[in-house]
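Here the structure is laid out as C-alpha cells; the discussion comes afterwards.
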Amino acid sequence: MKFDTPAGTNPIDQEKVVGKPHPRIEGPLKTTGRAVYSYENHEAAPDAAYGYVVGSAIAKGRISSMDVREAKAAPGVLAIVTADNAGPIKKQGFYVAKPLAGPEIEHYHQAIALVVAETFEQARHAASLIRVDYARGQGAFDLAAARGGAKPHRRRPDIRIGDFDKAFSSAPVKVDATYTTPDHSHMMLEPHATIARWDGDQLTIWSAQQIIGWARRDLGNKLSIPQDKIRIVATYIGGGFGGKGSVCSDAILAALGARAVGRAVKVALPRPLMPNNTSHRPATIQRVRLAAGRDGKLVAVGHETLSGNLPGGGPEIAAAQTQLLYAGANRLNLTRLATLDLPEGNAMRAPGEASGLMALEIAMDELAEKLGMDPVELRILNDTQVVPGDPGRGSPTDPQSASGNQGKAEEAPLPFSIRQFIPCLRTGAERFGWKQRSPKPGSRREGRWLIGMGMASAIRGAPIMPAGGRVTLDAKGIVTVESNMTDMGTGSYTIIGQTVAEMMGLPLDRVVVKLADSDFPEAFGGGGQGGAASATAGAYAACMKLREAVATKLGFNSADAKFVGGEVRAGNRRAPLAQAAKDGAITAEDKMEYGDLSKRFEQQTFGAHFCEVAVDAYTGEIRIRRMLAVCAAGRILNPITARSQVIGGMVGGAGAALMEELAVDKRFGFFVNHDLAGYEVPVHADIPHQEVIFLEETDPTMSPVKAKGVGELGISGVAPAIANAVYNATGVRVREYPITLDKHLAKLPEIV
Amino acid sequence: MKPFTYERAKTPAEAAAAVARQPGAKFLAGGTNLLDLMKLEIETPRHLVDVQDLKLDRIEPTSDGGLRIGALVTNTKLAADTRVRRDYGVLTRAIVAGASGQLRNKATTAGNLLQRTRCPYFYDPNMPCNKRKPGSGCAAIGGYSRQLAVIGSSDHCIATYPGDMAVAMRVLDATVETVKADGTTRAIPIADFHRLPGDTPHLDNNLEAGELITAVTLPRPIGGTHHYEKVRDRASYAFALVSVAAIIQKDGSGRVAFGGVAHKPWRVEAADDVMTQGAAAVTAKAFADARPTDDNAFKIPLATRALAATIAEGRSA
Amino acid sequence: MMSEIEISRRGVLAGSAAAAAIAAAPHVEAQPAKALPPATMPVSLTINGKRRDLTLDTRTTLLDTLREHLQLTGTKKGCDHGQCGACTVIVNGERINSCLSLAVQHQGDEVTTIEGLGTPDKLHPMQAAFVRHDGYQCGYCTPGQICSAIAVLDEIKRGDPSHVQADLTQRPQLTSLEMRERMSGNICRCGAYSNIAEAMADVAGVDVKEMEA
Ligand SMILES: Cc1cc2nc3c(=O)[nH]c(=O)nc-3n(C[C@H](O)[C@H](O)[C@H](O)COP(=O)(O)OP(=O)(O)OC[C@H]3O[C@@H](n4cnc5c(N)ncnc54)[C@H](O)[C@@H]3O)c2cc1C
Ligand code: SF4
Ligand code: FES
Ligand code: FES
C-alpha cells in the first residue's frame, strides 16, 4: 500500500480500541517471569554450551601474542574463538567497531576471544587463563584535545543562513556559552545476550535485537552468510535504548562459537564489559550563541557541536534540532567530528536531541534571564510554523535515517505537518503552576532546601519507515498478526494488537500478536522513535488487504463493508467475521510504503518539560520534587504505554542531568566506571511521582494511523529543564553535565 | 571465579583453624562482597569456610552496659534492633544509609567491616593496582579519583574504605573481638582495626591470617543526638562521597567520624574537642593533613558543610 | 605519530607520554597446571514449595542454579554483581540478591521466586497491580521489582527502619518516600518507577498522591 496523500477518515479514527488505555497484553507473562528473553530459551537450545567473552586490556595497539593453551586445557572447555581461527569478519553494518579484535585493537574491552565450555562457571574461569601480551599504541582519548583535527561530516552539512556574525555582534542581548555533555551508557537492564544454533548451514540466533532486519543484514555481511540462511528471534528484549541497534559481539561470537563446537552456544555480555565493549552516547562540547532584540525576538541562532568517534563512526547530531525549534533570520549550525580511540559512539535514546537540547535549552534560559523575560514566554515568542530559513531538506534530525538523498530547496519554507509547540508550553505552565516560580534565582528556601523551578522545550523527529505485516483470520474468528517489529518495553505488542483489533472490528483479546522474528514481514523495528508509527501503519496495510479478502469471501462489496463487533456489515446484511475463514484461514500480507509527504512536511513531535528541584543548601545534593511533561506526538495509540515511554524518558533525562557520566581515563583510554555501581543511573528514591499530558493530535501526513513516536520525545529536554530548575534554586549556573554537587558547592550560600 | 572447595564450620575455633590450615582459604559470611570480587578473580580463594552456622547471630547486653553484636548479625537485624535504635541511633542510621535492602539482609557485621574498597581501578583487573597486585602501581593516582581518599593516603594507594557501618562504630568507640586459629582471642579497638595504605595497601586491616571476627562490642551508651549524614549523587544505593557520623550532646560538644575520605573511618580526637566551635573548626583539625586530588578536593568543604548540617540538626533536635 | 610501547603482562612500565603507569594485562601469576579439580557438592533446597536435589559446581550462584539448572528463568541476571536487583528472590522470608549467593550457602533453605508468586492465570495481587499500573516496560527488572515490592510492604509492616525515617524509635509510615527508598535496590533502566510506586500503593491500599505529601 502506498501512502502519498494525507490520510482522510478511516477505520482507525473510530478509536474503539486504538487510543484506549489497554494494559499490555504480555503483562501477565512479564510479571510472572514467563516471558522468555533471548538467553533463556532453554527450549530452543536445551544443550547449549556457554560462551564467555574476553575483552582487550588495552585501548589501542595490537596483540603481540596470545596463549590459549592453558585455557583450552581447563576443565569443560570446548573451544576458544579468536581472530586467528574465526575466519574473516567484514567491517560492515550499523556498528563500525569490529565485534572480534585481533591483532589490531580498536578500543578497550573490545572482544578478543570467546571461550566456550560446558558450564558458565567453567567458561568464565577459563577466560581468565588466556595469556595476552599487547603492544600498546598511542590513541586519542581526549575530546577537547582532539578538536584541532575535527571535521565536518556528510550526515550533517554546515548551515549558514543570513549573516550570523553580523547579526550576533550587533544584537543588544546575547548569550555565548559552551556546554558539555559526557559519554552516556545505555545500561539497559538485560545485558546483550544471544543463543546461536546452526542446523546445517542455517543459523538461528535468539538475540536481544531492536531491529531484526539490521541484525540479519549485518550478521550476514559480517560473517558472509547469505541472509536467507539466517533467522533472528527477539521475542522479548530487556531494554535497548539504541544500544541493541544491531549485532554486537555477543551475537557474532555466539554464532562463531556454535559453529566451532557444533552445538548451540549462549553468550551474555558481563555487565562490567558492556560500557566499553558496546556503544554509548558520545560526549559533546557545544557552543551556543543566541542573540535577540530587546523584545526577545531571536535574530541570530548559532549552535556548534563537537563529538568524537572511532574512524568510520558518525557524529552526535546535537545541533540539528536547533534549526527547527526557534525562529531567527541569521543562523549558524555546525557539526564537527573528531577521531577518538574510545569505544564506539552511536545511537542512544533520542540521538541528537537528547544532547543538543541539553545545551540549547540552558542557553534559552540564560537568554530569558538576560532579557528579564519569562522562559516560557520567550519560547512562545520565538515559535515558528515553518522551518526557519529552510534549505529544503527533509527531516535533518534523524541520524538513523538511511536516505542520504534528501530533496533540494524547491519549496521553502517547509511547513511543519503539525506543530502544537505553543499549546505544550501553555498547558504545561498552567498545569505545573509555573506562575509560582520566582524569576529571581536562589530566592526560595524551605528549611535546608533551596527550591527551584525550571522548564525546557522538547522536539524530536518523527520518522516513519516502510513496514509490513501479515494477518491471518482463522475459523474461530481470531486474527493473528505477524511482523518483525520488536518490543523492548515500548508497547509494540499491545499497540499493534489494538491497531489490528480496530481494523477488523474485534476486541483486543481476539487478536494474537507475534513479533520480532525474521520469518515475519519486515517492519523496521524499535529505533529513532519510529517503530510504533511504522509498524502500526504496516499492520494497517495488511488489515486493509484482509478486509478486502474477507469482504470478497463473504460476498460484500469491500468498499461498503464495515467491520464492527466481530461482524462484517453492509446495509442490512451482517455476517460473523469468523465465517469468512470457515473453509480455511485467510492470510493477507502487505506493506506500507511512502511517497514524499515527509519531504513536503517537516514531521516532528513537540513537548515541554517542567521540573521542580530541591537543593540541599549545605551539601549541594539535588533532589527532584516534581516533573511534568506535555507532549504533542500524533495519535496516542495507547495512553498507558505512551505514558510509560515518556516517564521512562524523563528518568533517563534525570540521570543525564544529575549523575550519568562515563568517566574517561585519558591515559589508558577507557571508561573507568564500567559497571552499574560505578555508573550511577537513577533509582526509585530519585524519581518523584511524574505527570504526563498528551495533547489531542492526529497527524494525517504520517500514515493512515496518524501516529508518531513518543519514546524519545520523552527524554528530549528533560535534562535542561532540571538544570534550569537547579539554577533557579541556587543561582549557580552549571554548564557541564552532569550537575553534581561538587560543581556548585563552592558557590552555594555560606554556612553559619 | 577459580574453583574452590567449600565447608561449613560448626564453631568459631573450628572455623579459624580451618582457614589457617589451608593456604588460600577464606571465611564466607553473606558473600555479598567476597563473591563479587571472586567473580572478577580479584579474590581467588581455593577454599571457603562458611561461617553461617557459628551461632554468632545474637545481640546481647554486655556486663558494663554496652552491647555485644555477633559477627553474623545481619545489617538488617542490627539496624532494626530496638536497643540500637534507641541508644546507638548513629549505627542504625549508618547501616540503613548503605547498600540496598536486599544486600543488608545478607550482609553481616563482620563482612561489612571487611568489605574492600570500591576504587574502580581495583575493580578492573587490567589496571595496575597495588592493593590488588602489590608492586604493580596505582592507576588511580593521576586517574579518575573523584570517589577516592583525600587524607591518610600514600603514594602507593589513595583508596577509601567505602562502608558506612564502621564509620558509626568508630564514633561509638566499638571494639572488634576475634579468635585466632590457636584459639586465643583478642579485642581490637575499632580505631586500630583498619589500616592506612602506607606502602602495604594490600592490607586493609590488622587481622591475622585465619583470624575470625566473633563480635563487635559497643560501650555503654553516651546519650546525645545521633546523626549520620551521607552525601552522594543519587538519593540511595550509592556509596558515600562523604559521610559524617556524629553524636552531639546538649552543650554542643560531641564526636565525629568521617566516611568516604580515607582508607579507614576518619576520626581525629583532637577535632572532637572543638565541636562547640562549629564545623569549620572541626574539619580544619580533622583534615589538616589532607592531600586531595583535583577530582576530589571538593570533599573537604563538603565534609565541613555536611558536618554543619549535622550540627544544625543536632541543635534543632 | 604512533609510538608503541611493548608491555608484558608481567612487567609494569612507568611513563608513557602521559606519565601513566602502564597496565599489565590481567592475571599475574600463572596458574599451576595442577589446579584443584572442580569441586561439586550436593545441595537440596525448597524452591516455590518443591524440594530440589542437585549436585552443583561450588561456584554456582543461587541465581544460576535457578536459571540454568532449574530453568526458572523468571529471576533475571542484570549485572551478576549486586548492583541492580534483577535477581531478587525471597529466601526464608527475606529478599536477597541471588547473584551474590552461592547455592551451597542455601542448603535446606526455602526460596520463593517470581514463578512461585502467581501464574498468568492467577496473578499475585502485586503482579496484578504491576499490570494495572504498567509498572514495567521491557519487563527485565520486573520479577525482581515484584519480589522486592512484596518484601518491602512486609518490612514496613514489621517496622524495620529506613534511611528516610525521621524518628528511629517510631514505626515507619507507608509513604511514597519510604517505599521509594526501600525499593532503591531495584534499578529499572526503562524508568517505570513512578508507576511501580502506584502499583505498590494500590496493593498497600493507600493513595500515592497523598503519600507524596
Ligand atoms: C552494589 C553494592 C552497593 C553497596 N553499597 C554499600 C554502601 O553504600 N555502604 C556500605 O557500607 N556497604 C555497601 N555495600 C557493601 C556491603 O555492605 C558488603 O558487601 C557487605 O556488608 C559484606 O558483608 P558479607 O557478610 O556479605 O561479607 P562477605 O562477602 O561474606 O565477606 C567479606 C569479607 O569478610 C571476610 N569475613 C566475613 N566474615 C568474617 C568473619 N567473621 N571473620 C573474619 N573475616 C570474615 C570474608 O572472608 C571476606 O573477605 C554494597 C555492596 C554492593 C554489592
Ligand atoms: S588507589 Fe589503591 S585500590 Fe585504587 S588503584 Fe590505587 S592502589 Fe589500587
Ligand atoms: S543480577 Fe544480582 S543484583 Fe544485578
Ligand atoms: S522494565 Fe525495563 S528495566 Fe525495568
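The values are calculated or read from the model by the stated rules, or taken from the named source; none is laboratory data. Everything numeric in this text was worked out from a predicted model, so none of it was measured. Reconstructed Cβ throughout: ideal geometry from the backbone, glycine too, with neighbour counts over all protein chains shown. We work out accessible area using only protein heavy atoms, side chains counted, and drop any ligands, DNA or RNA first. Shrake-Rupley method; radii C 1.70, N 1.55, O 1.52, S 1.80 Å.
Can you give the charge dipole size of chain B about its Cα centre, rounded to the nearest 20 debye, using +1 on the beta carbon of Lys and Arg and -1 on the beta carbon of Asp and Glu? Write down the numbers at each step before the final one.
Details: 40 positive and 33 negative charges, 123 e Å.
So the magnitude is around 580 debye.
For segment A:10-164, a crude dipole built from +1 on the beta carbon of Lys and Arg and -1 on the beta carbon of Asp and Glu, taken about the Cα centre, is about 640 debye to the nearest 20. Shape call for segment A:472-518 from the C-alpha gyration tensor, a ≥ b ≥ c root eigenvalues: rounded (a/c under 1.5), prolate (a/b greater than b/c) or oblate? It is oblate, given that a/c is not under 1.5 and a/b is not larger than b/c. Legend: mean number of C-beta atoms from other chains within 10 angstrom of residue C-beta atoms, peptide A:740-748, equals 4. Loop-resident GluC sites (Glu not before Pro) (DSSP state other than H, G, I, E or B) in segment A:26-91 with no more than 16 further Cβ atoms inside 10 Å of their Cβ: A:43.
List, in the order given, every pair from A:553/A:706; B:2/C:77; B:26/B:55 whose Cα-Cα distance in the structure shown is over 23 Å.
Violating the 23 Å Cα-Cα cut-off are A:553/A:706.
Using a 10 Å cut-off on Cβ atoms, rank the peptides A:219-227, C:76-84, B:174-182, A:601-609 from the highest mean neighbour count down. Kindly include the intermediate steps, with their values, before the conclusion.
Details: A:219-227: 17.3, C:76-84: 26.7, B:174-182: 20.9, A:601-609: 28.2.
With the highest mean Cβ count within 10 Å placed first, the list reads A:601-609, C:76-84, B:174-182, A:219-227.
For a test of the definition: using alpha carbon positions, the gyration tensor, and the 1.5 limit on a/c, classify segment A:347-394 as rounded, prolate or oblate. Note, shape of segment A:347-394 comes out oblate.
The three principal axes of the Cα atoms in segment C:77-148 give end-to-end lengths of 37, 24, 16 Å, sorted in falling order.
In whole angstrom, segment A:593-752 maps to an equivalent ellipsoid with semi-axes of 35, 19, 14, each derived as √(5λ) from the alpha carbon gyration tensor and ordered largest first.
So which GluC sites (Glu not before Pro) in segment A:642-720 are both in a DSSP loop and have at most 16 other Cβ atoms within 10 Å of their Cβ?
Details: sites: A:660, A:661, A:680, A:691, A:696, A:697, A:712; in loops: A:660, A:661, A:680, A:696, A:697, A:712.
Those satisfying the criteria are A:696.
In the full protein context, chain B carries 33 Å² of accessible surface per residue, based on a 1.4 Å probe and ignoring ligands, DNA and RNA. Dividing the convex hull volume of the alpha carbon atoms of segment A:1-143 by its residue count gives 259 Å³ per residue. Among C:152, B:282, A:420, flag the residue with its Cα farthest along the positive direction of the charge dipole of the protein assembly as shown, charges on Cβ as +1 for Lys/Arg and -1 for Asp/Glu. The residue sitting farthest along the positive end of the dipole is A:420. All Cα-Cα distances of the protein assembly as shown, cut into 20 Å bins from zero to the largest, leave 11, 41, 37, 10, 1 percent in each bin in turn. Treating r as the C-beta distance of residue A:569 and residue C:171 and R0 as 60 Å, the FRET efficiency rounds to 0.45.
Residues of A:237-246, mean number of Cβ from any other protein chain within 10 Å of their own Cβ, rounded to a whole number? Show your work: numbers first, answer last.
Working: counts 3, 12, 10, 2, 3, 0, 0, 0, 0, 0.
Other-chain Cβ atoms within 10 Å of each residue's Cβ, averaged: 3.
What is the Å³ per residue value for the convex hull set by the Cα atoms of segment B:83-179?
About 145 Å³ per residue, rounded to a whole number.
For residue A:370, the lysines whose Cα comes closer than 28 Å to its Cα, not counting residues fewer than 8 places off in the same chain, are A:166, A:174, A:297, A:435, A:440, A:743, A:747.
Sequence-distant or interchain residues sharing an amide H contact under 5 Å with residue B:188, placed H: which? Placed amide hydrogens put B:176, B:177, B:178 under 5 Å from residue B:188. When the Cα positions of A:326, A:477, A:452 are compared along the charge dipole of chain A, A:326 comes out farthest toward the positive end, with charges on each C-beta of Lys, Arg, Asp and Glu. For segment B:1-28, heavy-atom accessible area (probe 1.4 Å) falls by no less than 30 Å² from the chain alone to the full protein assembly at B:1, B:2, B:3, B:4, B:6, B:8.
Summed over both chains, the accessible area lost when B and C associate is about 4200 Å², using a 1.4 Å probe.
The residue among A:551, A:501, A:311 whose Cα reaches farthest toward the positive pole of the charge dipole of the protein assembly as shown, with charges on the beta-carbon of Lys, Arg, Asp and Glu, is A:551. Note on segment A:461-548: along the principal axes its Cα atoms extend 39, 25, 23 Å, ordered by decreasing extent. In segment A:509-565 the Cα-Cα distances spread across 10 Å bins starting at 0 as 19, 42, 28, 11, 0 percent of all pairs. With helices as the sole contributors, chain A gives -7000 deg cm²/dmol at 222 nm; each DSSP H run of n ≥ 4 counts as -39500 (n - 2.57), and the sum is divided by every residue.
Could you work out the Rg to Rh ratio of segment B:139-298, with Rh taken as the Kirkwood radius (inverse of the mean 1/r over all Cα pairs)? Provide the component values of the computation, followed by the final result.
Numbers: Rg = 16.4 Å, Rh = 16.7 Å.
Taking Rh as the inverse mean 1/r over Cα pairs, Rg/Rh reads 0.98.
Residue by residue, segment B:174-179 carries 3J(HN,Hα) couplings of 6, 10, 9, 9, 9, 10 Hz when phi is fed to the Karplus relation 6.51 cos²θ - 1.76 cosθ + 1.60 (θ = phi - 60°); x denotes Gly or Pro.
Evaluated with a Cβ-only charge set (Lys, Arg +1; Asp, Glu -1), chain A carries a dipole of roughly 560 debye about its Cα centre, given to the nearest 20. The orientation-averaged projected area of the convex hull spanned by the Cα atoms of segment A:563-665 comes to 15.0 nm². Electrostatic bookkeeping for residue A:705 treats Lys and Arg as +1 and Asp and Glu as -1; over the other residues with beta carbon under 12 Å from its beta carbon, the sum is -1. Convex hull volume of the C-alpha atoms in segment A:89-144, normalised per residue: 137 Å³. When the P(r) is computed for segment A:600-654, the part past 19 Å accounts for 43% of the Cα-Cα pairs. The calculated P(r) of segment A:496-651, using every Cα pair and 5 Å bins from 0, goes 2, 7, 13, 16, 13, 12, 11, 8, 6, 4, 3, 2, 1, 1, 1, 0 in percent.
So if R0 is 41 Å, what FRET efficiency would residue B:187 and residue A:65 give, r being the distance between their Cβ atoms, rounded to the nearest 0.05?
On the way: r = 53 Å, r/R0 = 1.29.
Efficiency, rounded to the nearest 0.05: 0.20.
Our compactness index for segment A:420-510, the C-alpha radius of gyration over the empirical 2.2 N^0.38 Å, is 1.89.
With every protein chain kept in place and ligands, DNA and RNA left out, what is the accessible area per residue of chain A? Probe 1.4 Å, answer in Å². Let's see the in-between values first.
Working: 22790 Å² over 752 residues.
For chain A, the per-residue accessible area is 30 Å².
Near residue A:693, the amide H atoms lying under 5 Å from its own belong to A:629, A:630, A:631; only residues 5 or more places off or on other chains count, and H is placed 1.01 Å from N. Comparing each chain alone with all protein chains together (probe 1.4 Å, DNA, RNA and ligands left out), the residues of segment A:132-164 losing at least 40 Å² of accessible area are A:133, A:134, A:136, A:138.
If I compute solvent accessible area with a 1.4 Å probe over the protein chains, what percent of it on chain B is carbon and sulfur? Write down the numbers at each step before the final one.
On the way: 5280 of 10350 Å².
Within chain B, the accessible surface is 51 percent carbon and sulfur.
Report the net charge of residues surrounding residue C:168, where surrounding means a beta-carbon distance below 9 angstrom and charges are Lys +1, Arg +1, Asp -1, Glu -1. Local charge sum for residue C:168: +2. If a/c stays under 1.5 just call it rounded; otherwise compare a/b with b/c (prolate if a/b is bigger, oblate if not). Do that for chain B, with a ≥ b ≥ c from the square roots of the Cα gyration tensor eigenvalues. Judged from the Cα gyration tensor, chain B comes out oblate (a/c at least 1.5, b/c at or above a/b). Measure off, as a whole percent, the carbon and sulfur share of the 1.4 Å-probe accessible area of segment A:474-516, all protein chains present. About 55 percent, which is the carbon plus sulfur part of the accessible surface. Using a simple spin-label model with pseudo-atoms 7 Å out from Cα toward Cβ, residue A:118 and residue A:91 lie 4.1 nm apart.
The radius of gyration of the Cα set in chain A, together with its Dmax, comes out at 26.4, 87 angstrom. Only protein heavy atoms count here, probed at 1.4 Å, and on that basis chains B and A bury about 3100 Å² of accessible area in total. At q = 0.16, 0.21, 0.25 Å⁻¹, what log₁₀ I(q)/I(0) does a Debye calculation on the Cα points of segment B:152-245 give, no solvent, two decimals? So the normalised log intensities are -0.84, -1.16, -1.26.
Estimate the FRET efficiency between residue A:47 and residue A:147 by the formula 1/(1 + (r/R0)^6), using the beta-carbon distance for r and 56 Å for R0, to the nearest 0.05. Before the final figure, lay out each step's value.
Numbers: r = 53 Å, r/R0 = 0.95.
For R0 = 56 Å, the calculated efficiency reads 0.60.
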